[in-house]
Amino acid sequence: MRPRRLVQSVLAAVLALSLAGCGGDDEALPGAPTTGAGSATTAPDAIGTDIADAAEDFADAGLRVSIDYIPSNERAGTVAAQAWPAGTELQRGDSVELDVSTGTSTAGELRVPDVTGQPEPDATEALEKVGFEVLAIDVPAVEGDDVIFQSPTAGGRAPRAALVVLYAGS
């Protein structure tokens, strides 16, 4: 089997296992900012909120945010929409997509580098050097200070000075 096909096969198997929910309810998900994986929580109301405040509110509820920067008439940096309405019952460790306004302009967008697996201080420095703001959220269930999840994800595009949220062990 060629190396590329092998990598694709392994990735497909990992994705299939994770979608199937293998691992049981009692294990914390490695990318989940929670100590009670699988327990119920509710989505906070983020509409009109600054993205940094919204990300912290979701982390306090045991949820991750998945940020998508979009042009809108809302003030840049505020949450324009969220995938799950406030009060929706979710499971701790779930990720909720938030559409964050860039204002009416998309000029100056940058590609978001991959900083997962790096120590949080190094990841923060790398993102700031490129021109992003950074919010690091501690994940008590994860040992060490490596970044386990970032949003926007690697390769995504975001405006210069946009917020990138890092989830890292504490």
Notebook entry, point to check: Pairs, please: C-beta under 7 Å, at least 6 apart or cross-chain, first residue at positive phi and in the stretch 81-93, second part of a loop (DSSP other than H, G, I, E, B)?
Noted result: Gly87/Ala43; Gly93/Leu29; Gly93/Ala32; Gly93/Thr34; Gly93/Ala37; Gly93/Gly62
Notebook entry, point to check: What's the number of the condition Gly23 fails, among (1) at pLDDT below 50; (2) at negative phi?
Noted result: (2)
Note to self: Every residue in the stretch 92-122 that is in contact with an Asp or Glu (Cβ under 9 Å, 6 or more places away or on another chain) and either part of a strand (DSSP E or B) or open to solvent by less than 40 Å² (accessible area, probe 1.4 Å) (or both), please.
What the structure shows: Glu97, Leu98, Asp99, Val100, Ser101, Thr102, Gly103, Val115, Pro119
Next item on the list: Mind counting the residues in the stretch 123-170 that are assigned to a loop (DSSP other than H, G, I, E, B), β-branched (Val, Ile, Thr) and crowded, with 18+ Cβ neighbours inside 10 Å?
Entry: 1
Margin query: Just checking, does the stretch 149-160 include any residue being small (Gly, Ala, Ser) and free of Cβ contacts under 8 Å to residues at least 40 places away in the same chain?
Written below: no
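The values are calculated or read from the model by the stated rules, or taken from the named source; none is laboratory data. Everything quoted here is computed from the prediction, not taken from an experiment. Don't worry about glycine lacking a Cβ; one is built from the backbone with ideal geometry, like all the others, and counts go over all protein chains shown. Remember, those area values only see protein heavy atoms, side chains included, never the ligands or the DNA or RNA. Shrake-Rupley method; radii C 1.70, N 1.55, O 1.52, S 1.80 Å.
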